[in-house]
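These notes concern the structure reproduced below.
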Amino acid sequence: MSTAAAGAVLVLNAGSSSLKYQLLHPDTQEVLADGIAERIGDEGSSITHEQDGEEITESLPLPDHHAAIERAMRFFADHGTDLRTAGLRAVGHRVVHGGRTFYRPTLISVEVIAEISRISTLAPLHNPANLIGIEAARSLLPDVPSVAVFDTAFFHSLPDAAATYAIDRGVASLHAIRRYGFHGTSHEYVSEQVAAFLDRPVGDLNQIVLHLGNGASASAIAGGRPIDTSMGMTPLEGLVMGTRSGDLDPGIVMHLNRVAKLGVDQIDTLLNKQSGLRGLCGEYDFRAITEKIAAGDDGARKAYDVYIHRLRRYIGAYMIELGRVDAITFTAGVGENAAGVRADALADLQNYGIIIDDERNALRGKHARRISADESTIEVLVVPTNEELAIARQSAEVVAEL
Ligand code: AMP
């Protein structure tokens with residue numbers, strides 16, 4: 001039996017064919033292990049587990065999430081950690097859509113599972129996978145409390161004007177159509193880290209947070225509360241993403257149906273998986289796009305221009321909505337690593353008090369840092385997100401109240 005894991009939280013992020021996990025201490029932030037199972041239920045499935053400085057990748061059939069968690073548990077056992085008896089504080093699950101019901105981290109019960117399942121119509125690509133992860137963890141670790149942390153929760157209090165689509169009110173109400181927002185765990189965590197970095201209360205700050213990963217979203221946060229965000233009823237709205245289109249004229253959907261004769265599932269796949277940067281230039285990984293641009297690839301350059309154009313449009317809108325902006329922060333894979341994106345997103349805005357310091361922007365690092373010049377009136381920061389830590393902390397808080 002291991003004591004190192006006593007009090008730790010196992011964070012699970014179950015996607016439709018993947019399962020990411022991390023075992024960490026919410027108080028000390030110490031990460032004991034992490035891993036990812038990929039291509040679950042498909043040919044060529046594999047799992048990578050990292051613990052005690054050792055990383056193992058194994059190719060094996062993983063018919064379902066249950067099998068993936070079981071394999072992970074054996075990896076843990078090989079390192080002397082029996083998850084069933086280690087004294088884990090909680091299993092924290094990332095759940096994408098909380099609908100109107102869930103806006104706090106929630107202890108999982110049979111009733112909660114039923115409600116998450118009912119909400120699944122709002123997030124058919126995500127919630128069912130999250131639920132499979134929840135069921136698998138509950139059956140394999142029945143004595144550890146499970147907590148759901150919702151991606152939509154932070155945006156629960158969006159003002160009505162920002163949350164409402166201009167469609168028939170009756171239809172919207174009947175079908176729960178409103179703007180929910182996603183990546184909330186990240187936006188909340190990063191906005192708090194910004195306040196800590198600036199040594200100011202989060203309640204005093206007006207912020208724009210740009211979460212630029214494979215999925216991407218922007219938020220405007222006034223005094224710690226979001227007043228707008230770019231993702232909507234689903235994570236498809238807003239910025240140009242790796243494989244998602246972001247904002248579109250809804251008339252395009254009708255056109256694709258009537259004229260291109262695509263069915264709803266084909267349109268869903270087109271807009272969620274074959275659009276965004278991938279649709280524009282065939283690549284969705286920003287590193288590959290940057291290399292292609294450097295090699296003179298015109299398609300990659302045009303895709304990049306569309307990406308930056310959309311990003312600047314949101315930044316501009318949020319500056320007006322907030323009125324006064326104290327900090328603009330970049331986070332997630334692209335935001336933390338792609339200095340060129342940061343520079344282009346905020347280029348030529350000195351009239352608005354935004355001046356990037358090129359040397360600071362070029363420095364790489366894993367810590368929160370300032371990339372604006374001293375004379376910039378708006379602070380521009382890079383702050384690494386850590387959704388696992390945020391989920392672990394929120395899960396621990398729920399369990400502490402039991
Ligand atoms: P995330 O979804 O936050 O894991 O971000 C994933 C994306 O970050 C990848 O698709 C890459 O395009 C991007 N990314 C990661 N590292 C770098 C890097 N060093 N430079 C540019 N983009 C990067």
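The values are calculated or read from the model by the stated rules, or taken from the named source; none is laboratory data. Just so it is clear, the model here is predicted, and its values are computed rather than measured. Cβ coordinates were reconstructed from backbone atoms using ideal geometry, including for glycine residues, and neighbour counts include every protein chain displayed.
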Next item on the list: Give the number of residues within the range 197-218 that are assigned to a strand (DSSP E or B) and in contact (Cβ under 8 Å) with a residue 40 or more places away in the chain.
Entry: 9
Note to self: Restricting to the range 218-230, give me the number of residues that are charged (D, E, K, R) and either within 14 Å of the ligand (Cβ to nearest atom) or surrounded by fewer than 23 Cβ atoms within 10 Å (Cβ to Cβ) (or both).
What the structure shows: 1
Margin query: Looking for something farther than 27 Å from residue 164 by Cα, within 15 Å of the ligand (Cβ to nearest atom), touching a residue at least 24 places away in the same chain (Cβ under 8 Å) and not basic (Lys, Arg) - is there at least one such residue anywhere in the range 289-299?
Written below: yes
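Let's see how each residue does on (1) aromatic (Phe, Trp, Tyr); (2) away from the ligand (no atom under 16 Å from the Cβ); (3) within 26 Å of residue 305 (Cβ to Cβ):
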| position | (1), (2), (3) |
| --- | --- |
| 204 | no, yes, no |
| 216 | no, no, yes |
| 232 | no, yes, yes |
| 251 | no, yes, yes |
Note to self: For the range 284-301, which positions are closer than 28 Å to residue 257 by Cβ and buried (at least 17 other Cβ atoms within 10 Å of the Cβ)?
What the structure shows: 284
Margin query: Return the pair list, or none, for Cβ contacts closer than 6 Å from residues in the range 264-287 that are within 13 Å of the ligand (Cβ to nearest atom) to residues that are assigned to a helix (DSSP H, G or I) and aliphatic (A, V, I, L, M), at least 6 apart or on different chains.
Written below: 277/303; 281/300; 281/303; 283/289; 284/277; 286/334
Notebook entry, point to check: Residues in the range 145-176 that are hydrophobic (A, V, I, L, M, F, W, C) and crowded, with 20+ Cβ neighbours inside 10 Å: how many?
Noted result: 8
Note to self: Can you tell me which of (1) of a type outside the set (Lys, Arg); (2) within 27 Å of residue 119 (Cβ to Cβ); (3) in contact (Cβ under 8 Å) with a residue 24 or more places away in the chain; (4) crowded, with 16+ Cβ neighbours inside 10 Å is the one residue 247 doesn't meet?
What the structure shows: (4)
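Matching residues to (1) loosely packed, with under 14 Cβ neighbours inside 10 Å; (2) among the charged types (D, E, K, R); (3) free of Cβ contacts under 8 Å to residues at least 40 places away in the same chain:
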residue	(1), (2), (3)
343	no, no, yes
363	yes, no, yes
374	yes, yes, yes
398	no, no, no
Note to self: I'm checking my understanding of the structure. Among residues of the range 176-196 that are over 17 Å from the mean Cα position of the chain (by Cα) and part of a loop (DSSP other than H, G, I, E, B), which one is nearest to residue 153 (Cα to Cα)?
What the structure shows: 178
Margin query: I'd like to check something: does the range 136-146 contain any residue that is under 22 Å from the mean Cα position of the chain (by Cα) and at pLDDT 95 or above?
Written below: yes
Item checked: Test: residue 198 is within 20 Å of residue 325 (Cβ to Cβ), within 16 Å of the ligand (Cβ to nearest atom) and not β-branched (Val, Ile, Thr) -> no
Next item on the list: Please list, ordered by first then second residue, the pairs with beta carbon atoms under 7 Å, 6 or more apart or interchain, first in the range 71-82 and among the aliphatic types (A, V, I, L, M), second assigned to a helix (DSSP H, G or I).
Entry: 73/140
Check: Restricting attention to the range 314-339, which residues are farther than 14 Å from residue 216 by Cα and either loosely packed, with under 15 Cβ neighbours inside 10 Å or of a type in the set (Val, Ile, Thr) (or both)?
Finding: 316, 320, 323, 324, 325, 328
Notebook entry, point to check: For the range 331-353, what are the residues that are within 8 Å of the ligand (Cβ to nearest atom) and acidic (Asp, Glu)?
Noted result: 336
Check: Is it true that residue 111 is surrounded by fewer than 15 Cβ atoms within 10 Å (Cβ to Cβ), in contact with a strand residue (DSSP E or B) (Cβ under 7 Å, 6 or more places away or on another chain), over 20 Å from residue 231 (Cα atoms) and acidic (Asp, Glu)?
Finding: no
